[in-house]
1. Test each condition in (1) at pLDDT 90 or above; (2) open to solvent by 60 Å² or more (accessible area, probe 1.4 Å); (3) assigned to a helix (DSSP H, G or I) for residue 89 and report the one that comes out false.
2. Please list, ordered by first then second residue, the pairs with beta carbon atoms under 6 Å, 6 or more apart or interchain, first in the stretch 115-130 and farther than 23 Å from residue 289 by Cβ, second hydroxyl-bearing (Ser, Thr, Tyr) and open to solvent by less than 20 Å² (accessible area, probe 1.4 Å).
3. Could you check, for the stretch 165-187, whether at least one of its residues is in contact (Cβ under 8 Å) with a residue 60 or more places away in the chain and among the small types (Gly, Ala, Ser)?
4. Identify, please: which residue in the stretch 112-131 is among the hydrophobic types (A, V, I, L, M, F, W, C) and in a loop (DSSP other than H, G, I, E, B) and is, among those, nearest to residue 325 (Cα to Cα)?
5. Of all residues being in contact with a Ser or Thr (Cβ under 6 Å, 6 or more places away or on another chain) and not acidic (Asp, Glu) in the stretch 123-145, which is most open to solvent (accessible area, probe 1.4 Å)? Just the residue, please.
6. Working carefully through the options 96, 114, find the one that is open to solvent by 10 Å² or more (accessible area, probe 1.4 Å), at pLDDT 95 or above and touching a strand residue (DSSP E or B) at 6+ places or on another chain (Cβ under 9 Å).
7. Of the numbered conditions (1) modelled with pLDDT of 90 or more; (2) in a strand (DSSP E or B); (3) surrounded by 17 or more Cβ atoms within 10 Å (Cβ to Cβ), residue 234 fails exactly one; give the number of that condition.
8. Scan the stretch 169-194 for residues that are loosely packed, with under 15 Cβ neighbours inside 10 Å and of a type outside the set (A, V, I, L, M, F, W, C) and jot them down.
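The values are calculated or read from the model by the stated rules, or taken from the named source; none is laboratory data. Note that the structure is a prediction, hence the values are computed from the model and not measured. A quick note on method: Cβ atoms are made from the backbone with ideal geometry, for glycine too, and the neighbour counts reach across all protein chains shown. We work out accessible area using only protein heavy atoms, side chains counted, and drop any ligands, DNA or RNA first. Shrake-Rupley method; radii C 1.70, N 1.55, O 1.52, S 1.80 Å.
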Amino acid sequence: MAATQLTADLHPLLTEYVIKKLQKNRLTTVYSFVKVEVEQLIRITNLPAESIVLVKNQLIERFAGQYRNAQAQAAQPPVRLGTGIHSVDTLLQGGLVPGHIYEFCGESGTGKTLLCMTIAANVVLQRCTVYYIDTKCDFSGQKMQQILDKGQRKLTEQELGHTMARIKVERIFSPELLVQVVEELTAGKHLETGTDLKLLIIDSLPSLWYLYQDSQSSVEPLGLLTKLICSLRKLATQHSVAIVLVNLAVRMVEAMGGNSVEGKRKLCPNGNYPALGRYWESAPGTRLLLERNDDQPESITHLVQVWKSNYLRTGERTIVRMTVAGVR
């Protein structure tokens, strides 16, 4: 904890502005931040007391636990969760890391949902449980059965039924309910039924938060986003669950580019940026960008590129094929 630098990627409330304020007061590490009294941090950052306490508790829980278990983690590196897609597993250096939050970001029609369903199918084939939250009614049991049925090994009818049962699908249509469900999972509700939860997929976030696009105040949607990412991080770290979120890549337009806030956002090389606002940019640990292959516009091949990550090299990419049997 003592050597961990304070950066904007550590928590959504630690914006670049807040980090600069802290650095001016020689608060540059996680340890120095959590040791300072709340009242002093209020004066430095202009954040409310509730937000500061929330950030401090999250950082303590995240890094103190890592420090206590450092030797054990070194001896027992986490077993990655294979996606079943060779090129994607290679890009991810072996698969999804338990305790890590990923985001699949791309324009509409770039195969985000099909990629999620393919990964879910391949994970349950490993006899693990997947919790799939569907906010757009895009999940199809028939499509999932088709993906499973055309896998590497032909499943019997009984095996197919047992495999499908390991995918827990829940349709949610409000941000409040989504936060509630994630908080229940974090509290261990899934353990009551003996569920060995290994992967949580939320497809997708913008469809819920766009309900607030005409809101006069940003307090409520930002508050819900804060609750969501804090609960997701807690679920990931405490229960060793890999989490995949789906987000839209939005194209920057000239009018927005002239805006002082939007103009400072970190763009992908193709000129896109993630939806849900600047606040959300640092939320996932790894963001993958999905794009159609411009070299072959009529092709079923799509590009998957590392947009940002705290353990993968930015800009690394691979090619996947979108087929009726899922992503290959």
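1. (2)
2. Listed by first residue and then by second, the contacts come to 124/163.
3. No: the stretch 165-187 contains no residue that is in contact (Cβ under 8 Å) with a residue 60 or more places away in the chain and among the small types (Gly, Ala, Ser).
4. Checking each candidate, the answer is 125.
5. Within the stretch 123-145, the match that is most open to solvent (accessible area, probe 1.4 Å) is 136.
6. 114
7. Evaluating residue 234 over (1) modelled with pLDDT of 90 or more; (2) in a strand (DSSP E or B); (3) surrounded by 17 or more Cβ atoms within 10 Å (Cβ to Cβ) leaves (2) as the failure.
8. 170, 171, 174, 176, 180, 184, 188, 189, 192, 193, 194
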